[in-house]
Amino acid sequence: MNVQVVSDQKLLNCYLSGDRNAISQLIERHSRRVRDYIQMMVKDGDVADDIFQETFIKAVRVIDEGRYTDNGRFLSWILRIAHNQVIDHFRAQKQNRQLNEAEAGYDVLGTLRLAERTVEDEIVCEQIASDVRRMVELLPDEQREVVMMRYYSGLSFKEIAEQTGVSINTALGRMRYALINLRKMIKEKNLILN
């Protein structure tokens, strides 16, 4: 049985020539991979479905506006859109997060905490920063590098990935392992960091 698979570029050309069915075939071809990626990132089926739809809506809009340039990597392009949609979701989620009492500046009794830090507060903060810095120095080189770039230099994971020559996922993985290792050290040393 000889089944000929039509290339992504051919399907895009058919779609741009007026064949509306071609875009459906293209979406169907890559839907599982895109959906799996989104699901892996957000870990919520309903949210993943919404982001999946937004991803392909955005892709079709870009194609319709003539802004898509085919370089033979349609799947990479659509996964990049999905990744950006996931990031947008987490940013929106972070902005909509409710503040708890401590973050709002009130204690349990509803009284406003003092805005100015005491000398004692300053000493405690300096000690905590020193403890954390010593633990960061004990991390493996790759993990320490990501932590330093993220928390001390304020770089995004995209910037970290570019500067270290790795993928964003690798940079995120290194940060994850660094945080796991730091938590272990904190527990082993019985440190209280607040």
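Any read-out appearing in this document is the output of simple, stated calculations on the displayed coordinates, not a laboratory observation. The structure presented is a predicted model; accordingly, all values stated were derived computationally and were not measured. In this analysis, Cβ positions are derived from the backbone assuming ideal geometry, glycine residues included, and neighbour counts consider all displayed protein chains.
Which FRET efficiency, nearest 0.05, do Asn84 and Ser17 yield, Cβ-Cβ r, R0 30 Å?
The pair Asn84/Ser17 has a calculated efficiency of 0.60.
Lys and Arg at +1, Asp and Glu at -1: add these up for the other residues within a Cβ distance under 13 Å of Lys58 and post the number.
Once all neighbours under 13 Å are counted, the net charge is -2.
Report the full-extension gain for the segment Glu28 to Tyr151: residue separation times 0.36 nm, less the Cα-Cα distance, to one decimal in nm.
Between Glu28 and Tyr151, full extension yields an extra 40.2 nm.
Contour minus end-to-end for Asp50 and Lys184, with contour as 0.36 nm per residue of separation and end-to-end as the Cα-Cα distance?
Extra length from Asp50 to Lys184 when fully extended: 44.6 nm.
Can you work out the FRET efficiency for the pair Asp131 and Ile57, with r the C-beta to C-beta distance and R0 = 45 Å, to the nearest 0.05?
That pair, Asp131 with Ile57, gives E of 0.40.
Can you compute 3J(HN,Hα) from phi for each residue in segment 11-24, using the Karplus curve 6.51 cos²θ - 1.76 cosθ + 1.60 with θ = phi - 60°, rounded to whole Hz and x for Gly and Pro?
Coupling constants for segment 11-24: 5, 4, 4, 4, 4, 5, 8, x, 7, 5, 5, 4, 5, 4 Hz.
Considering the options Gly45, Thr55, Gln93, tell which one lies farthest towards the positive end of the dipole of segment 43-98, charges being +1 on Lys and Arg and -1 on Asp and Glu at the Cβ, about the Cα centre.
Gln93
Once you've got the Cα coordinates, tell me which of Lys43/Lys184; Lys10/Lys58; Lys58/Lys158; Lys58/Lys184; Lys94/Lys187 are over 31 Å apart.
Over 31 Å Cα-Cα: Lys58/Lys184.
Counting other Cβ atoms within 10 Å, which GluC sites (Glu not before Pro) in segment 1-70 have at most 11 and lie in a DSSP loop?
Here the sparse-neighbourhood loop sites are Glu65.
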